[in-house]
Amino acid sequence: MFAPLRSPRPPTAVLALALGAALLAPPAAAAPVQAPAPATVTSPSRHVDPFVGTAGGGNTYPGAVRPFGMISWSPTTTPGDQTDTGAANGYHYGTTRVRGFALTHVNGAGCHPGAAGDVPIMPVTVPVDSSPSADAADEVFASDFDHARESAEPGRYTVTLDNGVRTDLAVGDRAGLGAFSFPEGEPAALLFRTSNSLNGSEDAEIRIDEESRTVSGSVLTGAFCGQRANGGENNRRSYYRLHFTARFDTAFSEVGTWEDDRLRPGTTEASGGEGYDRSARRGTGSGGYVGFPGGSDVRVRVGISYVSGENAAANLDAEVSAGDTVDAVAERARRSWDDRLGAVRVGGGTEEEYSVFYTALYHALLQPNLVSDVDGRYPGMDGEAHRVADGQGAQYTNFSGWDQYRAQIQLLALLEPEVAGDFAQSLLNFAGQNGGVWDRWVHVNGPTHVMTGDPSAATLATFVAMGADGFDTGAAYGSLRAQATEPHPDGLSDAGCPGQCEGQRPGLERYLELRYAPQDDCHCWGGAAETLEASVADGALAHWAARTGRDADAELFGARGGYWRNVFDPDEGYIRPWNADGSWSGAFDPASQHGFAQGSGATYTWMVPQDVAGLAEAMGGRERAAERLDGFFRTPDGEWSVGGGDPLRYDPTNEPGIHAPWLYNALGQLWKTQETVREIASSQYGTGPEGLPGNDDLGTMSAWYVFAALGLFPQAPGRAELLLSGPAFPYARIAPAGRPPITVAAPGAGPDAVYVHAVRLDGAAYGRSWLPESFVLEGGHLSFALSATPNTAWATGEDALPIDR
């Protein structure tokens, strides 16, 4: 029987006797010091640097955006090619030429080009006497800029281009305000490059109304990752149409449009897309322009919608008024960010430490993104417009499930349970509009099928465990259970493989028969990876079933959570891909990605967070497993190897192994968790454009850092227990709206104080290396005694180790 895991609060006196003094007694070496809490950060947004991650592969963007916002107004840079930006999401710090300021972005996605970057608006000071689409090398209508004249803060972006135009942007949730100050004595115009989304476009349209000083239109685009994986055909249903309405405070001195290489001065309507093939896109597309007298200071209010042009206008009217200034809109955005970031207040750190921490939290709270309008309507996955039902605050989108379920989802549930509940309902709504299939990577209202596994099951089970229950949990569980037990025709399709395989549970009938995904018949990216992903998802469903009284399901999915054993090679000690006939697929090579997805066998072997004790047993016991884990983080000569690039060792730039540092807690050597987490956090995260180790993957890598700095990490998907390590700040207060606060005191915490010597929970000595899920729901006070030397005795007893079941 798979027992429920709703753990009790810290032991009472009677329970303490039953557990034994060894569990609760702190080591004699040290005790947590009761000290006054240091002053905490008062305005977290002031410590955020939106440029972090804009170089070095982070694929973040610096533009104006609010928490979970629909609109994100940010530069589109160009290396001299109108189909490229130098980075996956529109902006690369080292590419200092811009061809527009686009209205939508996705944070940290790795496909290049990525997604969105819709409707770049470009101020120019040259005559518009040729088609901007014909400027394929961005020689005429783009402009250089210098970072010395560029600034960004949460909700605002400002730059003075080399063409002399000062651009100042600020946003609400679905609308923004841009101020463009043109130099005297030069032509002045704004280009609306409606077809020039990052991936290209299928169609675009623009309309200019001189009398009302309004420009409106839309773009039909999509194909996220499509060109890389399969030419875009498999994810055609992921295309979306973005509508916009732009209202000016200044009359137009000239208007015009273009289609492909044909400039059409004086016209007010145009249409046409660029396609998605980069080689064919150059020189194609459509857009329009509006001109002004030289030296004009022009303000434009822009609203967007994924439903209709009318809704874009309504969103604009609701969020940015005609009398607004950029300062006013930016101040509202700053207050919004302070409110969200203020759910975690840290104290006792340096300015640099605050910047790294709050920038990570900022990136983690950029998504999910609003997709519903002020009237509650949103585009469904069936192509129809829907309206959020009573009880749902908003419809959200942009779910990078394979990435996010490992850290970002847990942080969202911890800090924003209301948003998490609405997001869960949003994914359920989309699945219902998609024939019951939950897509693993949702962009806007489209199923892109990107990556592998069934992250929706892990995600929603985690939300339930962490108390984010503001959704139809019964319907969600029933739907996910059906997909996990009833084979679907999509699961037999190889369309999009690898990378964008259609099935939520690929080859399910065969998987249930063999109890693993056969490499030669899995209809998936890699059989070994798929088996591990399914095991994690099923383990999460088991916990969900157990805590809701579905005992038979708990037993069923609990057993399936152990199917990872069927791809573990006991002779070699690694996870390996099996063929359907029971033979290993390919020669043994733990450095190979054969059978895996974006990771080697050496990395995936540790991807069993739901059954660490079982993995250790399969490796020959906890001591042997810990030795193996040592070799995952260090070279044979004992040097750290946590920067990536070695397929046999830890890769901080991708997700399959990011939980691995905390596995030492279950292996009884938790001081190694403490030193390893601190080494990764201090060496791989920092300030400046290269401050992220790799793709932020919709806040996942940033969420990892937030947990690491707090000294907490989620034990496994579908659970709310938290594993302990050494906090980086002397004090932190976590206060989600509507929940009791969590405080973490670690006097003396700093770069040298890495190791935990003792812990108190709510004033009582605490001898476990993990916290029960009741701590997340009910709050409490943690107090750490830290030291520069390890305590190899604290929380290492058998009863103190994290419980897998």
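Rule-based calculations on the coordinates, nothing more; no lab input. All values derive from a computational prediction rather than experimental measurement. Cβ atoms come from the backbone with ideal geometry, glycine included; neighbour counts cover every protein chain shown.
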Cα-based Rg of the chain normalised by 2.2 N^0.38 Å, two decimals: 0.95
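Counting other C-beta atoms within 10 Å, which of Leu615, Leu723, Leu512, Leu541 has the fewest, and how do the rest follow?
Values: Leu615 24, Leu723 27, Leu512 15, Leu541 30.
The fewest-first ordering by Cβ neighbours comes to Leu512, Leu615, Leu723, Leu541.
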Unit charges at the beta carbon, dipole of segment 381-572: most positive-side option, Ala534, Gly496, Val388: Val388
Lys/Arg +1, Asp/Glu -1 at C-beta; the chain dipole; positive extreme among Thr95, Ala468, Val124: Ala468
Inverse mean reciprocal Cα-Cα distance (Kirkwood Rh) of segment 687-732, Å: 11.9
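How many percent of all Cα-Cα pairs in segment 204-363 sit more than 18 Å apart? Can you show the working numbers first?
Details: 9137 of 12720 pairs.
Pairs farther apart than 18 Å: 72 percent.
Quick one: plug the Kirkwood hydrodynamic radius of segment 381-572 (C-alpha pairs) into Stokes-Einstein at 4 °C, 1.567 mPa s, and report D in µm²/s.
Details: Rh = 16.6 Å.
D = 78 µm²/s.
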Debye-sum result for segment 101-236 in log10 I(q)/I(0), which assumes one identical scatterer on each alpha carbon, at q = 0.12, 0.17 Å⁻¹: -0.57, -1.13
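Local charge sum around Asn429 (other residues, Cβ-Cβ under 13 Å, Lys/Arg +1, Asp/Glu -1)? Please report the intermediate quantities before stating the final value.
Values: positive: Arg377, Arg387; negative: Asp382, Glu384, Asp422, Asp439, Asp472.
Within the 13 Å Cβ shell, the charges total -3.
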10 Å beta-carbon shell around Ala109, net charge (K/R +1, D/E -1): -3
Cα convex hull of segment 492-604 - mean projected area over all directions, nm²: 7.1
Cα centroid separation, segment 420-465 to segment 41-83 (Å): 26
Cα centroid separation, segment 736-764 to segment 561-594 (Å): 41
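To the nearest whole percent, what portion of all C-alpha pairs in segment 597-644 is separated by more than 15 angstrom?
Working: 558 of 1128 pairs.
Of the Cα pairs, 49 percent sit more than 15 Å apart.
In segment 100-152, which chymotrypsin sites (Phe, Trp or Tyr not before Pro) fall in coil by DSSP and have 13 or fewer other Cβ atoms within 10 Å?
Details: sites: Phe101, Phe141, Phe145; in loops: Phe141.
Taking segment 100-152 and a limit of 13 other Cβ atoms within 10 Å, no loop chymotrypsin sites (Phe, Trp or Tyr not before Pro) are found.
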Ranked packing of 47-56, 641-650, most packed first, by mean Cβ within 10 Å: 47-56, 641-650
Dipole magnitude (debye, nearest 20) for segment 381-572, charges at Cβ of Lys, Arg, Asp, Glu: 320
Computed [θ] at 222 nm, helices only, for the chain once each DSSP H run of length n ≥ 4 contributes -39500 (n - 2.57): -7500 deg cm²/dmol
Average silhouette area of segment 75-337, convex hull of alpha-carbon atoms, in square nanometres: 12.6
Range of Cα positions in segment 297-418 per principal axis (Å), largest first: 49, 43, 24
Globularity ratio of segment 93-181, using Cα Rg and 2.2 N^0.38 Å: 1.13
Degrees between helix 527-547 axis and first principal axis of the chain (Cα, 0 to 90, nearest 10): 70
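So if I place +1 on the C-beta of Lys and Arg and -1 on the C-beta of Asp and Glu, and nothing else carries charge, what would the dipole magnitude of the chain be about its Cα centre? I want it in debye, nearest 20.
Details: 56 positive and 99 negative charges, 371 e Å.
About 1780 debye.
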Sorted by Cβ density within 10 Å, fewest first, the residues Met607, Met122, Met619: Met619, Met607, Met122
Leading residue at positive end of dipole, the chain (Cβ point charges), from Ser305, Gly69, Val754: Val754
Charge dipole (debye, nearest 20) of segment 629-765; +1 at Cβ of Lys and Arg, -1 at Cβ of Asp and Glu: 580
Share of alpha-carbon pairs per 5 Å distance bin for segment 661-805, given as whole %: 2, 10, 19, 23, 22, 15, 7, 2, 0
Prolate/oblate/rounded label for segment 379-424 (Cα gyration tensor, a/c 1.5): oblate
